Amino acid sequence: MTHEATAEPGAVKTAAPAAAGAPDGRRPGRGGKRRGGAGRRGSGWTPWLYLAPALVVLAGLLVYPIYQLGLISFLEYTQAQVSGGEPTTFKGLGNYQELFSDPQFWDVLLATVVFAAACVIATLAVGCALAVLLTRIRALPRLLLMMAALGAWATPAITGSTVWVFLFDPDYGPVNRLLGLGDHSWTYDRYSAFALVLFEVVWCSFPFVMVTVYAGIKAIPSEVLEAASLDGASQWRIWRSIIAPMLRPILVVVTIQSIIWDFKVFTQIYVMTSGGGIAGQNLVLNVYAYQKAFASSQYSLGSAIGVVMLLILLAVTLVYLRLMRRQGEEL
């Protein structure tokens, strides 16, 4: 009797794990997790399937042209090669060596950087100021200002440039008559020509900044701004301490867009300064590349300038985004 009593509990202990376990000895909970994880991994391709058509279009419109641009920059490709008179030869870094040894390239690069920086700063200043103004005026003036700004934004660059050239024309322009400047030419001097182009670039670019920043301001809770006003904060202090920090992700976007647009400006310079000004005094990189590629038929050299512009814009964008991430911003 004693032997049977001691054996029964042992049998129960031995059978319990077998009954609770799976036929192959593994716990069902772990197997279920593995199956669920495999399902999740399999469904990870679904977003890429939806993005595939757009990625194919972007590859055709962006990746392939950039590949061709880089390829031509390493070749000897002039009008002789285009017409078939001479074979296309591999030049390696010869085009870049020729470009970097040209003093005019460095003058044009410096002028482009300074001009683009001035345009970006002026565009952001005007756009942000008018965005704040839109939150302070009544509905009708706000509507009129929005319509006027969007009209400037929708105007083609060549049309706006032609209108500005007429406004400041030394013979028939109304600006010289109003200011009593006689037949003063705004495009003869290098700096006045750059200033005139800057005004036109800001005029057609600030609406994007204004509308974007205005939408961001309207998304800020009104209680926050009212509390700051009740505490006696000035409008500049409210912008600097409350609005600007809360709009930093939006300001990052509009700043990067403005840098890209203003660094590669072409139409305004080409139209308003007649192809780059007197003796090329108002050349920027985009117009300089156009002259090398099409006016001089040095297509490989023009492609090399395009590659340099692409690398500069990528470097500026990456550095700017990294600085924002160091400040703890989620972009």
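How many of the residues in region 137-182 are of a type in the set (Ser, Thr, Tyr), surrounded by 12 or more Cβ atoms within 10 Å (Cβ to Cβ) and without any contact (Cβ under 8 Å) to a residue 12 or more places away in the chain?
1
Being open to solvent by 70 Å² or more (accessible area, probe 1.4 Å), outside any strand (DSSP E or B) and of a type outside the set (Asp, Glu) is the filter here, so list the residues in region 89-105 that pass it. Steps first, please.
Taking region 89-105 as the starting set, the residues that turn out to be open to solvent by 70 Å² or more (accessible area, probe 1.4 Å) are 90-91, 93, 97-98, 100-101, 103-104.
Right, trim to outside any strand (DSSP E or B) and you get 91, 93, 97-98, 100-101, 103-104.
Of everything in region 89-105, those that are open to solvent by 70 Å² or more (accessible area, probe 1.4 Å), outside any strand (DSSP E or B) and of a type outside the set (Asp, Glu) turn out to be 91, 93, 97, 100, 101, 103, 104.
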What single numbered condition from (1) more than 16 Å from residue 116 (Cβ to Cβ); (2) at pLDDT 90 or above; (3) touching an Asp or Glu at 6+ places or on another chain (Cβ under 9 Å) fails to hold for residue 268? (1)
Note: among 254, 224, just one is surrounded by fewer than 18 Cβ atoms within 10 Å (Cβ to Cβ) and in a helix (DSSP H, G or I), namely 224
Say whether the condition of being over 26 Å from the mean Cα position of the chain (by Cα) and either of a type outside the set (A, V, I, L, M) or open to solvent by 30 Å² or more (accessible area, probe 1.4 Å) (or both) is met by at least one residue in region 120-134. no
Take residue 108 and decide whether it is open to solvent by less than 30 Å² (accessible area, probe 1.4 Å), modelled with pLDDT of 95 or more and of a type outside the set (Ser, Thr, Tyr). yes
Is it true that some residue in region 288-299 is open to solvent by less than 60 Å² (accessible area, probe 1.4 Å), closer than 18 Å to residue 72 by Cα and under 22 Å from the mean Cα position of the chain (by Cα)? yes
Where residue 232 falls short, out of the listed (1) open to solvent by 60 Å² or more (accessible area, probe 1.4 Å); (2) part of a helix (DSSP H, G or I): (2)
Here are the criteria: (1) outside any helix (DSSP H, G or I); (2) at pLDDT 90 or above; (3) not acidic (Asp, Glu). Tell me which single one residue 53 does not satisfy. (1)
Condition broken by residue 311, with the remaining ones in (1) in contact (Cβ under 8 Å) with a residue 12 or more places away in the chain; (2) within 17 Å of residue 97 (Cα to Cα) satisfied: (1)
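Mind telling me which of the residues 76, 86 ends up being among the acidic types (Asp, Glu) and either within 30 Å of residue 218 (Cα to Cα) or open to solvent by less than 70 Å² (accessible area, probe 1.4 Å) (or both)?
76
The values are calculated or read from the model by the stated rules, or taken from the named source; none is laboratory data. In this text, all values refer to a predicted model and were calculated from it rather than measured experimentally. Don't worry about glycine lacking a Cβ; one is built from the backbone with ideal geometry, like all the others, and counts go over all protein chains shown. Areas reflect the complete protein model, heavy atoms only, side chains present, ligands, DNA and RNA absent. Shrake-Rupley method; radii C 1.70, N 1.55, O 1.52, S 1.80 Å.
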